[in-house]
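Peer 1: One structure coming up, written as structure tokens, with questions to follow.
The values are calculated or read from the model by the stated rules, or taken from the named source; none is laboratory data. Not measured: the values here are computed from a predicted model. Here the Cβ is made from the backbone with ideal geometry for all residues, glycine too, and neighbour counts use every protein chain on show. Protein only, heavy atoms only, side chains kept; ligands, DNA and RNA dropped before computing areas. Shrake-Rupley method; radii C 1.70, N 1.55, O 1.52, S 1.80 Å.
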Amino acid sequence: PHLAALVLARGGSKGIPLKNIKLLAGVPLIGWVLRAAIDAGVFHSIWVSTDHDEIEKVAKQFGAQVHRRSPEVSQDSSTSLEAITEFLNHHHEVDIVGNIQATSPCLHPSDLIKVANMIQKEGFDSVFSVVRRHQFRWSEVKKGENKMTEPQNLNPAKRYRRQDWPGELYENGSFYFAKRHLIEKGYLQGGKMAYYEMRAEHSVDIDIDIDWPIAEQRVLSFGYFGKEPLKEVKLLVCSIDGCLTNGRIYVTEDHKEMVSYDYRDIVGIDLLKKRGIQVRLISDRDCSKTLSAMQLGCVAKVSVTNKLQVLKDWQEDMGLSWKEVAYLGNEESDVECLKQAGMSAVPADACAAAQKAAGYICKSRGGCGAVREFAEHIFLLLEKVNSARKQ
């Protein structure tokens, strides 16, 4: 049976404009779930249903196919079931739909693999995600009603300790898998039905109970970053023009060049060095005089025609794996380096090709704190590595 992953991502959002492609920890929100779906390796096709050109562009960058939904199912009042039904009407090859919510950025491939097995091998017609919560419920008393509240799932005279109470299961909205015949009858849950319990730390729903800064911290701690485990970064290579500087060159009357840089980036380089991470600089043009004036104390290579070859030479000379190399670039000449490095980033104003190749898009522009921001991002991920080792 053809199992398709389907992410619903319309352009309209009452809370956060174009929320589905807003950067979360340097990655478009929808990118987190598409990465998990692709790496799960259980879907015959992966789709994004949208009515917006920019969302379509991002979806294709992450390797998904796009179904352009009609205006009729793109309204504020439109339901997920209506959008899924329309998708099935246009894709008769699909037998099972795994509807994955774009607002669940801590989803992992392992969860999707297990659910696919429940549908395809164990014969369930529908499977949906839940999370276990330890919350005591009380009956609601509306304003003006002359009555007392009543306990719903506890005895106040004998309150459970958390460790003595298994808690209750709640839908968390991460995904709903269902077979075609069920959806065509108007159901996402029904038939031979089962739930899949997700780990609490992976159950993040931005729509419901979490704001953006908190979600970024959760994703950095518990998100899925790719098939290979993260490793300690030993080398950061930074493109000079457009990353360390803003890319502008000022020329004086006596033909001398001047550039500007942000002191925060110099602090970021110093912090990286203190953590034992080597910082090396690279440039397409000859900016050796500028580097000498900046007195950064970093190995640098200028007038480079093949940045990837220089990066490979440095990596081999230091005896590093690619997972131990980070790269900050901003131009088309950086694209192959961004793809090769284990950790990669671009400033907010990098060219489109570089943004597509990078794993992290900074909020800061080149020459305006992007190096410092990427350094802090590296430190957060290294905390994740150290935490995993302790576990």
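Peer 1: Going through 105, 17 one at a time, which residue ends up being under 21 Å from residue 227 (Cα atoms), part of a loop (DSSP other than H, G, I, E, B) and at pLDDT below 95?
Peer 2: 105
Peer 1: Something else about it: Answer with yes or no whether residue 171 is part of a loop (DSSP other than H, G, I, E, B) and not small (Gly, Ala, Ser).
Peer 2: no
Peer 1: What is the residue count in the stretch 161-189 for residues that are surrounded by 15 or more Cβ atoms within 10 Å (Cβ to Cβ) and at positive phi?
Peer 2: Total meeting the criteria: 1.
Peer 1: So, residue 180, is that one within 30 Å of residue 8 (Cβ to Cβ) and either assigned by the TED database to the domain that holds residue 91 or of a type outside the set (A, V, I, L, M, F, W, C) (or both) or not?
Peer 2: In short, yes.
Peer 1: Another question, then. Within the stretch 56-93, which residues are assigned to a loop (DSSP other than H, G, I, E, B) and hydroxyl-bearing (Ser, Thr, Tyr)?
Peer 2: Across the stretch 56-93, the qualifying residues are 70, 74, 77, 78, 79.
Peer 1: Return the residue satisfying two criteria in turn: it lies in the stretch 297-317 and is under 30 Å from the mean Cα position of the chain (by Cα) and among the aliphatic types (A, V, I, L, M), and of such residues it is most open to solvent (accessible area, probe 1.4 Å).
Peer 2: This residue is 308.
Peer 1: Do the conditions hold for residue 279, that is, is it assigned by the TED database to the domain that holds residue 358, open to solvent by less than 70 Å² (accessible area, probe 1.4 Å) and assigned to a helix (DSSP H, G or I)?
Peer 2: Against the criterion (assigned by the TED database to the domain that holds residue 358, open to solvent by less than 70 Å² (accessible area, probe 1.4 Å) and assigned to a helix (DSSP H, G or I)), residue 279 does not qualify.
Peer 1: Same structure, new question: Would you be able to tell me the number of residues in the stretch 18-35 that are touching a Gly at 6+ places or on another chain (Cβ under 9 Å) and buried (at least 19 other Cβ atoms within 10 Å of the Cβ)?
Peer 2: 9
Peer 1: Same structure, new question: Out of all the residues in the stretch 119-128, is one or more part of a helix (DSSP H, G or I) and in contact with a Phe, Trp or Tyr (Cβ under 6 Å, 6 or more places away or on another chain)?
Peer 2: Yes, because at least one residue in the stretch 119-128 is part of a helix (DSSP H, G or I) and in contact with a Phe, Trp or Tyr (Cβ under 6 Å, 6 or more places away or on another chain).
Peer 1: Return the residue satisfying two criteria in turn: it lies in the stretch 320-343 and is open to solvent by 10 Å² or more (accessible area, probe 1.4 Å) and free of Cβ contacts under 8 Å to residues at least 24 places away in the same chain, and of such residues it is nearest to the chain's Cα centre (by Cα).
Peer 2: Among those that are open to solvent by 10 Å² or more (accessible area, probe 1.4 Å) and free of Cβ contacts under 8 Å to residues at least 24 places away in the same chain, it is 339.
Peer 1: Among the residues of the stretch 20-46, count how many are of a type outside the set (S, T, N, Q), over 16 Å from residue 119 (Cβ atoms) and either in a helix (DSSP H, G or I) or outside the structural domain of residue 119 (by the TED database) (or both).
Peer 2: Of the residues in the stretch 20-46, 11 are of a type outside the set (S, T, N, Q), over 16 Å from residue 119 (Cβ atoms) and either in a helix (DSSP H, G or I) or outside the structural domain of residue 119 (by the TED database) (or both).
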